[in-house]
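The values are calculated or read from the model by the stated rules, or taken from the named source; none is laboratory data. Every value quoted in this text rests on a predicted model; they were computed, and no experiment measured them. Glycine gets a Cβ as well: all are built from the backbone with ideal geometry, and neighbour counts include every protein chain shown.
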Amino acid sequence: MRWYTTAPANLGYVKSNFYFDNVDYVEFLASSTLGLNVTVSYTLNGTDFIGDQLYTLTGTPEVYKYVLPITSSVSLKFTVALPDPIPTTTAARLYIDNVKAYSLYKGDVLDVYYSNDSVVTNQVVKLNQLISDPNPTKLGYTSDGWYRNSSFTPESEWVFEEDTVYEITWLYIKWVLNDYTISYTLNGGTNGSNPTSYTVETDTITLDPATKTGYTFDGWYNNSEFTGDAVTSIPKGSTGNITLYAKFTVNQYTITFDSNEGSAVSAITQDFGSSVTQPSDPTLAEYTFEGWFTDDTTFLNEYTFTTMPAQNNTLYAYWVAVPANQSTVTFNSNGGSAVTAITQDEGTSVSAPTDPTKAGYTFAGWKLGSEDKSFPFNMPAEDITLDAQWTIVTYSITYELDSGTNGANTDTYTVTTATITLIAATKDGYTFGGWYDNSGFTGDAVTSIVLGSTGNVTLYAKWTIAISGPFATYTFTHITTSSSTSYTDITLKASLDNGLTGTNKLVSTTGVLRTYPGNASSGTYQQSTLLKMGNSTSGGVFTMNFADANVTKVIIFIEPWTTVSNFNLTINTLSKAIPQSAGGSLTYEFGTPTNTLAFSTNGRAFIFRIELYSE
């Protein structure tokens with residue numbers, strides 16, 4: 001054993017030499033605490049360091065193998081070299097021991113060992129000779145090739161057509177487990193929870209029975225003739241694809257007849273699925289046989305004879321008593337709803353059916369021919385037909401005019417009245433907006449009452465105030481003067497009155513309009529009537545009061561003036577931003593006529609026209 005913590009001085013980096021004769025490969029045990037790399041080589045015929053191989057050591061001692069590229073019987077020197085320099089840390093240690101040399105060379109004869117599931121056989125071959133696959137077999141497996149190691153790494157696979165033997169060789173066979181299918185021929189049945197595949201290693205499979213409606217399962221067989229013993233399991237170790245055939249025996253079932261006091265009917269016993277013929281009907285005095293039923297007393301499910309079902313059944317005879325004599329009353333509704341005919345024994349009391357209905361009519365009773373027929377009455381010996389009588393209904397049309405005047409519209413109609421096209425109503429000062437079936441005037445207007453309509457109708461006239469005008473227009477013009485004056489209030493009542501009389505007469509104003517001087521330096525003074533309250537730049541409120549409530553709409557026009565910024569013009573609660581550079585107008589409509597008009601601005605503005613409208 002050798003430990004190195006510093007590099008020996010001899011040869012600088014050759015650290016250990018071993019001499020062997022007849023060497024083919026060398027094995028040595030080595031480790032390094034810091035994973036040092038070592039170089040292994042050999043000397044032949046005076047040439048050192050031939051066939052260098054580098055090994056990276058770990059901290060755990062491992063066996064490393066150095067295979068010489070030649071086979072020689074001469075003496076060889078086996079050399080292990082450390083890196084130069086070795087790290088100076090005391091932990092950097094190298095351990096080498098247990099150096100062994102192996103000679104595989106035996107002239108021109110070598111051994112090949114075959115490992116087949118730990119069973120080893122050998123074959124003696126010549127050097128560099130091809131060998132043949134011994135082709136062993138294993139029950140339930142398929143060979144997947146021979147390999148040089150038991151891990152079956154891809155690079156270790158032996159190719160018999162190419163690889164030759166140059167040393168003692170171990171070959172390991174790789175086995176792949178075979179999958180076998182299990183097929184089931186069910187002959188119309190349903191399989192249990194049986195598997196469809198298995199391998200030689202699968203535990204013994206106990207077969208579940210198959211099922212088939214109307215049949216008894218008689219076992220699985222390995223042939224379609226069902227000869228030999230039934231197959232109950234597939235033992236572990238079995239091989240090969242398997243086909244199993246389900247054997248079934250048809251069951252027999254019985255239909256028993258309960259005649260319910262009628263004549264006896266023999267039971268029927270037959271194979272499942274075979275055709276079953278209905279037996280002759282039983283008889284019972286004063287009754288008519290109406291068929292066989294699976295439910296007694298209720299007789300809701302009548303039985304149909306086709307083939308034998310997969311269960312036993314008991315059927316019950318259904319009897320209906322034969323009446324002495326019966327007659328039928330048939331009803332002709334004459335366009336009304338249908339009425340079901342009544343069939344009863346002669347002489348029994350016939351009750352009135354539910355009255356029929358007919359849109360637009362009132363039911364007025366039944367007639368037999370030209371005679372009224374009242375209920376109840378006794379069923380006659382012969383069939384009769386009764387005819388429905390009808391009285392037409394007259395419906396009212398009510399018009400809600402809201403002080404308007406109706407056109408020539410009718411106030412009644414019937415279901416047979418031709419389609420009524422509604423005429424517009426009129427109202428002074430208003431425009432007619434149509435008839436509606438509700439006081440909120442929602443939905444579409446009603447323009448007609450079509451043929452076939454029914455029910456009383458209420459119609460509401462919709463009105464819109466008719467606006468005319470303008471009845472007055474006030475225009476303010478620029479005034480040119482040669483003197484510069486300060487802001488001056490002017491009285492407008494007289495000028496605004498404009499000669500109006502009666503209810504349109506302007507009786508008073510509140511607030512003032514002021515004149516505004518122009519540019520004195522230019523020599524020309526241009527004044528316009530302005531709506532002003534307070535100083536030169538703030539706005540104000542101006543109110544016009546008329547003799548009577550007759551104003552329904554007002555339009556105020558603003559003249560452009562490029563030197564003033566935008567401002568808001570307001571009439572009542574309606575406000576509009578108007579750019580001074582372009583001017584503009586604001587329109588306001590009153591819900592009801594008014595005798596007061598108030599408007600304002602938030603800055604100085606040239607108001608040059610006011611238009612007033614009335615009904």
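Within region 102-137, the set of residues being among the acidic types (Asp, Glu), surrounded by fewer than 13 Cβ atoms within 10 Å (Cβ to Cβ) and at pLDDT 60 or above comprises Asp117 only. Evaluation of Glu167 against the conditions (1) over 26 Å from Leu244 (Cα atoms); (2) at pLDDT 90 or above; (3) not in a strand (DSSP E or B) shows that the sole unmet condition is (2).
Screening the candidates Thr288, Thr269 for the property of being out of contact with any helix residue (DSSP H, G or I) (no Cβ under 9 Å at 6 or more places or on another chain), of a type in the set (S, T, N, Q) and more than 12 Å from Thr307 (Cα to Cα) yields one hit, Thr288. Ile255 - would you say it is under 46 Å from the mean Cα position of the chain (by Cα) and either under 30 Å from Asn325 (Cβ atoms) or surrounded by 11 or more Cβ atoms within 10 Å (Cβ to Cβ) (or both)? Here the answer is no, as Ile255 does not meet what is asked. Selection over region 324-340 of residues that are exposed (fewer than 13 other Cβ atoms within 10 Å of the Cβ) and of a type outside the set (S, T, N, Q) gives a count of 3. Flag: Gly273 matches the condition of being touching a residue at least 24 places away in the same chain (Cβ under 8 Å) and over 30 Å from Trp390 (Cβ atoms). Number of residues in region 433-454 that are touching a residue at least 24 places away in the same chain (Cβ under 8 Å) and either touching a Gly at 6+ places or on another chain (Cβ under 9 Å) or not assigned by the TED database to the domain that holds Leu422 (or both): the value is 6. Residues that are over 10 Å from Tyr460 (Cβ atoms), touching a strand residue (DSSP E or B) at 6+ places or on another chain (Cβ under 7 Å) and among the hydroxyl-bearing types (Ser, Thr, Tyr) within region 425-446 comprise Thr426, Tyr430, Thr431, listed in sequence order. Of the strands (runs of 3 or more DSSP E) lying entirely inside region 296-414, those containing at least 2 residues that are of a type in the set (Val, Ile, Thr) and more than 30 Å from Glu261 (Cα to Cα) are 326-332, 384-392, 395-400.
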